[in-house]
């Protein structure tokens, strides 16, 4: 049995909790995917998922296996990456992590700017959340990263702190022309990034929502932007996201929040002491690109909160 391949299938199903979506992500049909999961369960001697006609849930053994499976896959990917670099004779590279929601134009601008600044180095970018970046930086699997704050980290040095206001993604036709008050969203579910990607930022976001009168009935975690868009298009949920860098998406619109009560805090980070060659250049380039392309601004101090009174009725009621 190809254990690595079966574990990769297991992780995708665990993330989606839906065999159809998982099969689509993996580029395979659903029946072979189900068979792989069954073979893995037989090999391990435990049931990984509770399946019914309505939902798929991780069992307790499945939840215990998930972190281990991710760690194994990350290590396997690193082995292949090292082998590929050795094969191509490209040992000199800056390995950097990026959050998954930066958007294609920002990633492209970052690659182009780094190539112009350091044509002698290759930039090896990995899409990964803050928590995993912190672990990878500590283990030496990454040289630098772009992290969301707050985050618990030791032996790391941070670049300038940048702030990025969050707005709300709404179904087209149900949105007002101007700013939206957080309290107006109170009856609607929230779609946001998975907590495991950036626990500190996730908890801070929900706490700020509650302070400003928005206590979502349910919170849905979306790892991929298109999944979040789908939930918003269904009409029962809204997403709190930065202004999209790649332009409007059909069917949904982005609106700023009145008073800018929510923001993401972001900075570059790298291991200390003696970071590898190119890390300082990556941090400088990434900071400049995030300011120019993503509209992030330096945070010299914590911004003062502006209290927004709650209106008598919401626009989506």
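The values are calculated or read from the model by the stated rules, or taken from the named source; none is laboratory data. This one's a predicted model, so the numbers in the text were calculated from it and none came from an experiment. Cβ coordinates were reconstructed from backbone atoms using ideal geometry, including for glycine residues, and neighbour counts include every protein chain displayed.
Values computed for the structure shown
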item: Candidates 270, 254, filtered to the one that is assigned to a strand (DSSP E or B), in contact (Cβ under 8 Å) with a residue 24 or more places away in the chain and in contact with a helix residue (DSSP H, G or I) (Cβ under 6 Å, 6 or more places away or on another chain); result: 270
item: Any hit, region 131-140, residues being in the same structural domain as residue 220 (by TED's automatic domain parsing), farther than 17 Å from residue 239 by Cβ and in a loop (DSSP other than H, G, I, E, B); result: yes
item: Counted residues, region 257-267 - those being outside any strand (DSSP E or B) and out of contact with any helix residue (DSSP H, G or I) (no Cβ under 7 Å at 6 or more places or on another chain); result: 3
item: Region 106-129, subset assigned to a helix (DSSP H, G or I) and free of Cβ contacts under 8 Å to residues at least 40 places away in the same chain, residue farthest from residue 96 (Cα to Cα); result: 116
item: Region 154-178: number of residues that are in contact (Cβ under 8 Å) with a residue 60 or more places away in the chain, exposed (fewer than 14 other Cβ atoms within 10 Å of the Cβ) and under 30 Å from residue 285 (Cβ atoms); result: 1
item: Set 286, 239: member being touching a residue at least 60 places away in the same chain (Cβ under 8 Å), under 19 Å from residue 106 (Cβ atoms), crowded, with 21+ Cβ neighbours inside 10 Å and under 15 Å from the mean Cα position of the chain (by Cα); result: 239
item: Filtered residues of region 4-35 (kept if out of contact with any helix residue (DSSP H, G or I) (no Cβ under 7 Å at 6 or more places or on another chain), part of a helix (DSSP H, G or I) and more than 17 Å from residue 61 (Cα to Cα)); result: 5, 21, 24, 31, 32, 35
item: Checklist (1) assigned to a loop (DSSP other than H, G, I, E, B); (2) within 27 Å of residue 108 (Cβ to Cβ) applied to residue 153, failing item; result: (2)
item: Test for residue 107: is it buried (at least 22 other Cβ atoms within 10 Å of the Cβ) and under 21 Å from residue 264 (Cα atoms); result: no
item: Residue check, residue 223 under 22 Å from residue 75 (Cβ atoms) and assigned to a loop (DSSP other than H, G, I, E, B); result: yes
item: Number of the exception - residue 216 against (1) touching a strand residue (DSSP E or B) at 6+ places or on another chain (Cβ under 8 Å); (2) part of a loop (DSSP other than H, G, I, E, B); (3) surrounded by fewer than 18 Cβ atoms within 10 Å (Cβ to Cβ); result: (3)
item: Residue that is surrounded by the most Cβ atoms within 10 Å (Cβ to Cβ) [pool: residues in region 202-213 that are touching a helix residue (DSSP H, G or I) at 6+ places or on another chain (Cβ under 7 Å) and assigned to a helix (DSSP H, G or I)]; result: 209
item: Among the residues listed as 229, 241, 279, 253, the single one being assigned by TED's automatic domain parsing to the domain that holds residue 104, more than 24 Å from residue 163 (Cβ to Cβ) and touching a strand residue (DSSP E or B) at 6+ places or on another chain (Cβ under 7 Å); result: 229
item: Answer residue from region 296-317, given it is modelled with pLDDT under 90, in contact with a strand residue (DSSP E or B) (Cβ under 8 Å, 6 or more places away or on another chain) and assigned by TED's automatic domain parsing to the domain that holds residue 99 and is nearest to residue 125 (Cα to Cα) among those; result: 299
item: Selection within region 36-66 - in a strand (DSSP E or B) and touching a residue at least 40 places away in the same chain (Cβ under 8 Å); result: 56, 57, 58
